Structure formats: C-alpha cells, structure tokens
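Presented below is the structure to which this report refers.
The values are calculated or read from the model by the stated rules, or taken from the named source; none is laboratory data. Being a predicted model, the structure only gives us computed values, none of them experimental. Quick reminder, even Gly has a Cβ in these numbers, built from the backbone with ideal geometry, and neighbours come from all protein chains shown. The area values use the complete protein model at the heavy-atom level, side chains included, leaving out ligands, DNA and RNA. Shrake-Rupley method; radii C 1.70, N 1.55, O 1.52, S 1.80 Å.
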Amino acid sequence: MEKQVVEVTINQAKLRIIQGDITKQDTDAIVNAANSSLMGSGGVDGAIHRTGGPAILEECKQIVARQGHLPTGKAVMTTGGNLKARHVIHTVGPIWYGGDKGEPELLASAYQESLKLAMGNQLFSISFPSISTGAYGYPVAKASRLAIGTVIASLRQSVTSVREVVFVLFDSQTFRAYSSALKEIIGTSNEKD
Ligand code: AR6
C-alpha cells in the first residue's frame with residue numbers, strides 16, 4: 001500500500017509523505033479530520049472510529065460534555081483505543097467556501113494546534129491525513145502547500161519532542177499533490193522508495 005516515500009529532515013525532525021491508510025500507522029499519535037461534534041462520521045473520521053473501537057468515542061463524548069463542540073481550527077486528544085497509535089488527536093478543518101472566509105488561517109490552525117498537543121504531551125511521532133480535502137472540499141493543491149508549509153514552519157521554530165511527522169495520503173492524486181508541494185517548498189529533497 002505504501003508505495004512511495006518522500007522525506008526531508010527539518011531541525012532534527014523527519015517529515016515524510018507516504019500513500020497509505022492512517023489507521024495502520026504506528027506513530028505515537030494519528031490526527032483525525034473530525035467535525036465539531038466529535039461523534040464520528042465518514043471519511044478518515046469513520047475509519048479511525050471503526051478501527052479504534054468505542055473507547056475513542058467514549059472519550060470524545062466526555063470532552064464534548066465538558067467543553068462543548070470543538071471549534072474549527074482547534075484540537076483535542078483521546079486514547080487510540082485498538083489502534084497501533086496510542087493517541088488520536090482530533091481536529092476540525094474548515095469547510096471550503098471559496099477561500100475568503102478564513103479557510104487558510106483555520107486550516108493552518110488545525111495543523112498548528114495538533115502539533116502543539118503532540119509537543120505538549122512529549123510525543124515523538126505524529127501522522128496527519130489531508131485535513132479538509134475530502135468532504136470539506138478544500139482544493140488539494142492549495143491545502144497541500146499550506147499543510148506542508150505550516151508543519152515545516154512549526155518544526156523550524158524550535159527543537160521539540162516531535163522527531164517524526166508523517167503525512168499519510170489515501171489516494172495517489174493527493175499523494176502527488178503533497179509530494180509536489182514539499183518539493184516546491186524545500187527545493188531539494190531526498191526521494192526514497
Ligand atoms: N487514511 C488516510 N486518509 C484517509 C483515510 C484513511 N483511512 N480515509 C479517507 N482519507 P475527509 P474532511 C482521506 O472527508 O475533508 C468526515 O465525515 C480522504 O481521501 O475524511 O476534513 C468528518 O466527520 C481525504 O484525502 O475529511 C467531517 O464531517 C482526506 O482523508 C468531514 O468528513 C480527508 O477527507 C471532514 O471532512
């Protein structure tokens with residue numbers, strides 16, 4: 001499944017792009033492209049809840065009971081349940097309304113807040129899906145540049161516990177968009193099989 005890998009090193013952290021299924025990743029955390037209700041649904045959200053089992057939803061319910069719906073651009077962490085990853089970081093990306101409704105800032109925030117949680121919890125590795133580019137309709141060419149640019153900027157800012165960030169892209173078109181974006185941003189990159 002994980003056919004191709006593109007990898008660069010930034011400030012002691014490896015950033016990798018692979019094609020695959022995020023529910024199979026064994027990073028410390030995987031990120032869920034959730035919605036504000038945190039109740040699970042389709043897409044990557046559905047896949048994570050199906051594979052991870054009811055413990056994830058149970059914690060999501062407790063979070064919503066405590067603090068209400070999760071605003072767009074924010075993130076919370078739960079157990080990974082039956083997943084290989086010990087934690088799931090749930091974030092909410094923006095719905096695409098054409099690009100002038102704060103979508104770029106909100107998408108950047110979803111990545112930043114997720115990384116902040118990973119760093120604050122001393123996690124070593126984290127996997128991201130392509131937030132907002134499925135049901136939420138964010139154009140993948142724009143989203144990929146913003147996602148990679150945001151993660152690289154966060155990693156460059158300081159050395160933290162996070163030493164491995166993996167983008168796990170489900171389909172080949174999304175994988176290609178992220179690979180191009182990384183090459184564009186970094187200029188030179190090492191490609192490995
Ligand atoms: N592993 C990695 N990526 C996946 C997987 C998987 N197992 N399954 C799907 N994707 P989407 P959004 C990709 O729609 O746009 C949900 O119903 C998918 O191909 O999951 O942020 C939530 O509850 C696409 O590239 O998330 C929200 O209501 C990417 O994940 C809403 O959808 C994101 O697609 C969120 O929409």
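What single numbered condition from (1) within 13 Å of the ligand (Cβ to nearest atom); (2) touching a strand residue (DSSP E or B) at 6+ places or on another chain (Cβ under 6 Å); (3) not polar (S, T, N, Q) fails to hold for Arg16?
(1)
Of all residues in segment 54-76 being under 19 Å from Ser130 (Cα atoms) and open to solvent by 40 Å² or more (accessible area, probe 1.4 Å), which is nearest to the ligand (Cβ to nearest atom)?
Thr72
Identify, from the list Thr51, Thr79, Thr9, the residue that is farther than 30 Å from Ile186 by Cα, away from the ligand (no atom under 11 Å from the Cβ) and open to solvent by 20 Å² or more (accessible area, probe 1.4 Å).
Working: Thr51 fails: away from the ligand (no atom under 11 Å from the Cβ); Thr9 fails: farther than 30 Å from Ile186 by Cα.
Just one listed residue meets the conditions, Thr79.
Assess whether Ala141 counts as being without any contact (Cβ under 8 Å) to a residue 24 or more places away in the chain and over 12 Å from the mean Cα position of the chain (by Cα). Explain how you work it out, then say what you get.
Working: without any contact (Cβ under 8 Å) to a residue 24 or more places away in the chain: no; over 12 Å from the mean Cα position of the chain (by Cα): yes.
No; evaluated as a whole, the condition is false for this residue.
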